[in-house]
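What follows is a single structure, written as structure tokens, with notes after it.
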Amino acid sequence: MRMKTVYIFLTVLLALLSCKEDGEVVTDSGKTTAYKVAVVAPAALHGEWKLVAAWASENIAAAQKGLPAKVALDMTWIDEDAPDLARQVRAIAEDGSYAAILGPRNSSAAMKVAVECMRTSKPLIVPVATSAEYQRIFAGKNVVWNLAQSDIAECEMLLTQARLTGATRVSLIAPDDEYGKSFTDWFAFLATELGLNVDEIVTYDGEDVLRRAVDAQASTKRPWNKAVIFVPGSDAYAMAFDDEIGLLKEAGGRVFTFPGLLCSDMMYSNTLEGRLKAMTYEGVSPTADPTSGFISAFISKIGREPAGGSAHFYDAMLLAAYSLATLQASGTQLDGGEALNAAILQTVDGRDTWNGSWMPADMHTAFAMIAEGRHPDLRGVTGDWTFDGKSHASVLNTTYAHWIMAGGEYHTMEYLSPDGGGRTTSTLQAWDWQARNMQTFDEQQTDIGYGPHEDNWAVVIATSDTWSNYRHQADALAMYQLLRRHGYDDSHIVFISEDNLAYHPNNLHPGEIRVRPDGENLHRDVTVDYRLSDITIADLKEIMLGNAAYTERLDATGKDNVIVFWCGHGGWNRLAWGDNTISAKYVRGIVEAMHDAGRYRKMLFVIDACYSGSIGEACSGVPGCWSSRRQPRPSRRRRT
């Protein structure tokens with residue numbers, strides 16, 4: 001009995017010693033400080049975002065196991081659609097016990113919240129509010145931190161998709177608010193740059209105006225060459241749009257065709273899934289980097305693809321946790337927000353080698369580095385956290401999901417980004433959809449008769465020469481090494497690259513080039529035949545034609561197979577060549593000349609560049625030429 005009494009006494013004593021004030025809890029493995037954070041989001045999204053918050057909190061805690069000092073987020077939830085939002089946020093901004101605010105989801109609310117945060121320098125980490133004007137106003141203030149690019153990038157993505165479907169004319173229907181302003185301001189300029197004619201830009205400030213705009217645009221003649229971009233300002237407007245389409249169909253009137261209608265990211269939300277039924281919808285929306293593994297993990301854990309900014313909200317929590325750990329490691333107090341803003345700046349500007357992911361084991365390394373006073377080069381589930389170095393308004397590159405909603409469910413067709421790097425392009429789901437609904441085959445097509453095969457040749461070209469375009473040379477080196485492993489002799493590979501990155505001052509591993517941090521060094525046993533700056537586009541044509549004046553040349557005959565791998569930047573009907581460009585017409589000229597001169601038996605021309613499909617289309621008509629850039633027939637586009 002006596003022993004039992006002593007045991008109870010010691011247990012109570014230890015429990016009392018383990019408790020401290022100010023949210024601190026001391027355990028045998030260290031101290032956890034819980035920081036209050038407010039989350040501003042539409043009430044309809046609270047359910048999913050709370051699931052994401054629980055998941056992120058679990059991973060943040062697991063990543064800090066064994067560390068002497070830890071951080072946690074104590075979250076307060078606020079409805080961004082509340083009529084007194086400004087008052088609620090003002091109270092939080094003035095409350096020194098709150099470390100930061102995460103959110104809102106929508107741009108109009110983000111403008112209100114940012115104004116209040118600026119008064120007290122309260123850090124505001126915004127997942128996906130993407131108004132260009134809002135981001136511009138608060139750029140460089142080091143108070144507002146945006147984890148997605150502005151809607152200028154999204155507007156260009158939508159117009160590009162319209163162009164790729166064969167549209168030559170476009171119209172815009174957008175709300176007369178902060179969110180819609182980015183689209184209305186930039187739509188005509190971007191459309192013109194892409195060679196599209198703008199028919200009309202319609203803004204709406206109420207449901208009646210929206211319905212009239214839907215009626216007017218849906219009745220446009222010759223809809224197969226016309227695309228309409230719809231920007232819903234809210235779920236209610238999205239539902240009104242869908243309802244009006246349904247009414248038009250019931251009345252036997254003309255309606256939009258698929259893919260003649262493209263929608264912005266507000267149409268991509270779990271709050272709308274299953275509710276939009278009038279037609280098949282298509283659009284783009286910011287999403288997680290598909291190479292991070294987050295999307296498949298989210299589907300496994302939540303049961304559907306991340307929508308409504310869920311992936312970016314996850315990253316907002318990670319950024320807050322890392323930044324608070326940075327603040328803690330410096331021994332600095334919150335101090336009204338300025339100290340945490342400085343810590344966020346250090347976090348997004350960190351360049352110490354990390355090579356990790358959002359998984360707890362990798363995050364543990366990041367937290368340990370931060371505790372040592374280092375600043376790792378962090379990334380989240382949405383990709384790289386590299387902000388614009390001058391203003392820190394937003395990240396420099398965002399991944400977009402190109403989706404459709406069919407049968408009440410969202411399906412991702414491919415992933416897009418402004419730089420086109422490190423992204424997968426098409427899912428099995430996309431192939432299944434296209435196979436069922438889009439593809440057409442020429443039943444009368446006859447096979448080409450090929451002669452005997454004797455030898456193999458290759459031309460590998462990296463057309464960029466700057467450190468920021470590292471991936472172009474890295475990808476070209478990867479292809480070079482792949483060809484060597486598959487038996488191509490160096491004398492049968494013409495390799496063109498500036499080759500100026502292996503020993504570049506920014507290279508942390510001199511002499512090495514990799515396509516992934518843990519990958520092989522590709523810059524080994526490499527023979528570069530021509531530096532990009534040493535030859536012209538005219539020289540390239542002569543090299544491809546086997547001109548004997550060039551020591552290293554493509555000496556293929558009509559019995560040889562040829563692979564051409566071209567990696568770099570591109571535009572509509574143009575490819576970059578260093579600081580110059582080569583036209584699609586010129587590329588066609590090279591292919592035609594090679595064909596006429598009997599310089600290949602079969603040739604595979606792989607172009608890793610934006611708008612590469614336009615180059616393939618330009619080559620249509622060359623005997624035996626087939627481009628993987630397929631366009632649906634007009635009859636297909638007319639189907640609803």
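The values are calculated or read from the model by the stated rules, or taken from the named source; none is laboratory data. Since we're looking at a predicted model, the values are computed, not measured. When we count neighbours, we look across all protein chains shown, and the Cβ atoms used for this are built from the backbone with ideal geometry, even at glycine. Ligands, DNA and RNA are stripped out before the accessible areas are found, and what is left, the full protein with its side chains, is counted by its heavy atoms. Shrake-Rupley method; radii C 1.70, N 1.55, O 1.52, S 1.80 Å.
With respect to the stated conditions, F565 is surrounded by 14 or more Cβ atoms within 10 Å (Cβ to Cβ), at pLDDT 95 or above and touching a strand residue (DSSP E or B) at 6+ places or on another chain (Cβ under 8 Å). Only one of these conditions is not met by S171: (1) crowded, with 24+ Cβ neighbours inside 10 Å; (2) out of contact with any Phe, Trp or Tyr (no Cβ under 6 Å at 6 or more places or on another chain); (3) of a type in the set (G, A, S). Which number is it? Only one criterion in (1) crowded, with 24+ Cβ neighbours inside 10 Å; (2) out of contact with any Phe, Trp or Tyr (no Cβ under 6 Å at 6 or more places or on another chain); (3) of a type in the set (G, A, S) is unmet by S171, namely (1). Restricting the stretch 325-384 to residues that are β-branched (V, I, T) and either closer than 20 Å to A62 by Cα or in contact with a Ser or Thr (Cβ under 6 Å, 6 or more places away or on another chain) (or both) leaves a set whose member that is most open to solvent (accessible area, probe 1.4 Å) is T365.
Which ones in the stretch 343-359 are touching a residue at least 60 places away in the same chain (Cβ under 8 Å) and not β-branched (V, I, T)? Correct list: L345, N355, S357, W358, M359. Among the numbered conditions (1) touching a helix residue (DSSP H, G or I) at 6+ places or on another chain (Cβ under 8 Å); (2) open to solvent by 30 Å² or more (accessible area, probe 1.4 Å), tell me where Y314 comes up short. Result: Y314 passes all but (2). Taking every residue in the stretch 370-385 that is among the hydrophobic types (A, V, I, L, M, F, W, C) and pairing it with any residue that is open to solvent by 70 Å² or more (accessible area, probe 1.4 Å), at least 6 positions away or on another chain, the pairs with Cβ-Cβ distances below 7 Å are W385/R379. All conditions in (1) open to solvent by less than 20 Å² (accessible area, probe 1.4 Å); (2) under 34 Å from the mean Cα position of the chain (by Cα) hold for G546, with the sole exception of (2). Output the residues belonging to the stretch 98-112 that are under 18 Å from M266 (Cβ atoms) and of a type outside the set (K, R). G103, P104, N106, S107, S108, A109, A110, M111, listed by residue number. What do you reckon, is R531 open to solvent by 50 Å² or more (accessible area, probe 1.4 Å) and modelled with pLDDT under 95? No. Screening the stretch 111-139 for residues that are part of a loop (DSSP other than H, G, I, E, B) and open to solvent by less than 10 Å² (accessible area, probe 1.4 Å) and picking the one that is nearest to W385 (Cα to Cα) gives P127.
Residue-by-condition table, conditions (1) open to solvent by 40 Å² or more (accessible area, probe 1.4 Å); (2) hydrophobic (A, V, I, L, M, F, W, C):
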site	(1), (2)
H509	yes, no
G519	no, no
L522	no, yes
D555	yes, no
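Within the stretch 497-520, residues that are small (G, A, S) have Cβ atoms under 8 Å from residues that are assigned to a loop (DSSP other than H, G, I, E, B) and surrounded by 12 or more Cβ atoms within 10 Å (Cβ to Cβ) in these pairs: S497/V528; S497/R531; A502/E512; A502/I513; A502/H523; G511/A502; G511/N521; G511/H523, counting only partners at least 6 apart in sequence or on another chain. I'd like the residue in the stretch 345-392 that is in contact with a strand residue (DSSP E or B) (Cβ under 6 Å, 6 or more places away or on another chain) and aliphatic (A, V, I, L, M) and, out of all such residues, is nearest to A311 (Cα to Cα). The selected residue is V348. Do we have any residue at all in the stretch 77-94 that's under 29 Å from G30 (Cα atoms) and in a strand (DSSP E or B)? Looking for residues that are under 29 Å from G30 (Cα atoms) and in a strand (DSSP E or B), one finds at least one in the stretch 77-94, hence yes. If the condition is being of a type in the set (D, E) and either more than 16 Å from the chain's Cα centre (by Cα) or part of a loop (DSSP other than H, G, I, E, B) (or both), then the stretch 250-305 contributes E250, E273, E282, D289, E305. Close Cβ contacts (under 9 Å, 6 or more residues apart or on different chains) running from residues in the stretch 255-269 that are more than 19 Å from G180 (Cβ to Cβ) and among the hydroxyl-bearing types (S, T, Y) to residues that are assigned to a loop (DSSP other than H, G, I, E, B) and at pLDDT 85 or above comprise T257/M279.
The residues in the stretch 130-154 that are small (G, A, S) and more than 22 Å from A342 (Cα to Cα) can be counted, and the count is 4. Reported count of residues in the stretch 407-424, each being of a type outside the set (D, E, K, R) and modelled with pLDDT under 85, is 8.
A quick yes/no check of all residues on (1) open to solvent by 40 Å² or more (accessible area, probe 1.4 Å); (2) hydroxyl-bearing (S, T, Y):
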residue	(1), (2)
A54	yes, no
S57	yes, yes
A63	no, no
K70	no, no
T76	yes, yes
D81	yes, no
A93	no, no
P104	no, no
